[in-house]
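J.: Have a look at this one before I ask anything.
The values are calculated or read from the model by the stated rules, or taken from the named source; none is laboratory data. Fair warning: this is a prediction, and the values are worked out from it, not measured in the lab. Ideal geometry is used to build each Cβ from the backbone, glycine not excepted, and the neighbour counts take in all protein chains shown.
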Amino acid sequence: MLRVALTGNIASGKSSVARVWARLGAPIIDADVLARRAVEPGSPALERIAQAFGPGVLEPGGGLDREAMRAIVFRDEAARRRLEAIVHPEVARLRREEEQRLEREGARIVVNDIPLLFEVGLEDEFDVVVLVDAPEAVRLERLVRDRGLDPDEARRMIAAQMPAEQKRRRSDIVIENAGTLEELEARAERVWRELERRVSG
């Protein structure tokens, strides 16, 4: 089974590529979905988070108060690392379970959609790393136009991520997304067909 990582900085078009691939039959494991599952009420990870950060990070119903948690880790690097040390191993366990299930069901390719692939050092765990990228000016325009962000806030979000140039050097395939959605979808389909050829060859 070919294990593919799909990644890209904010407003790069990664989610659009994931949608095209899913439409073409790709099984997609979404890291954000796994991260939410990892801290569901009653989960061991959520219990450890409450022990580490106090009951103030829990909602009245027992779930994780994401706003409260974000406020803590945003200003405290050590707290962010402590949170990641709890959540990341649980996400990795859930990912392995999903991959094993898909392999049992006969999947020949499995795609892991991981926005922070390089930031958390996971790229070596996959057979192929696919990066979706667009020039910074284009991504800034998309954040302001499509998501309604203030330009300064959008710039801060872009600056907080690892520069795309570093990610490009460490990726096996780069899907360029400086043009239209139709152009991106055509490129995404070409790359998917190439991945299919690898496993059928």
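J.: Are any of the residues in segment 110-123 of a type outside the set (K, R), more than 15 Å from the chain's Cα centre (by Cα), crowded, with 18+ Cβ neighbours inside 10 Å and assigned by TED's automatic domain parsing to the domain that holds A18?
T.: As a first pass, look at segment 110-123 and keep what is of a type outside the set (K, R): 110-123.
Subset that is more than 15 Å from the chain's Cα centre (by Cα): none.
Within segment 110-123, not a single residue is of a type outside the set (K, R), more than 15 Å from the chain's Cα centre (by Cα), crowded, with 18+ Cβ neighbours inside 10 Å and assigned by TED's automatic domain parsing to the domain that holds A18.
J.: Can you pull out the residues in segment 111-139 that are among the charged types (D, E, K, R), over 18 Å from A26 (Cβ atoms) and assigned to a loop (DSSP other than H, G, I, E, B)?
T.: Answer for segment 111-139, where residues must be among the charged types (D, E, K, R), over 18 Å from A26 (Cβ atoms) and assigned to a loop (DSSP other than H, G, I, E, B): just E119.
J.: Of the residues A178, A188, only one is in a helix (DSSP H, G or I), surrounded by 11 or more Cβ atoms within 10 Å (Cβ to Cβ) and touching a residue at least 12 places away in the same chain (Cβ under 8 Å); which?
T.: Numbers: A178 fails: in a helix (DSSP H, G or I).
One residue alone meets the criteria, A188.
Table: residues versus (1) free of Cβ contacts under 8 Å to residues at least 40 places away in the same chain; (2) in a helix (DSSP H, G or I); (3) buried (at least 21 other Cβ atoms within 10 Å of the Cβ).
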| site | (1), (2), (3) |
| --- | --- |
| A11 | no, no, yes |
| V17 | no, yes, yes |
| W21 | no, yes, yes |
| V33 | yes, yes, no |
| R48 | yes, yes, no |
| A52 | yes, yes, no |
| P60 | yes, no, no |
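J.: Right, here's the next one. Condition check: modelled with pLDDT under 95, touching a helix residue (DSSP H, G or I) at 6+ places or on another chain (Cβ under 7 Å) and assigned by TED's automatic domain parsing to the domain that holds R101. Does I72 satisfy that? Break it down into steps so the answer makes sense when it comes.
T.: Details: modelled with pLDDT under 95: yes; touching a helix residue (DSSP H, G or I) at 6+ places or on another chain (Cβ under 7 Å): yes; assigned by TED's automatic domain parsing to the domain that holds R101: yes.
Spelling it out, I72 is indeed modelled with pLDDT under 95, touching a helix residue (DSSP H, G or I) at 6+ places or on another chain (Cβ under 7 Å) and assigned by TED's automatic domain parsing to the domain that holds R101.
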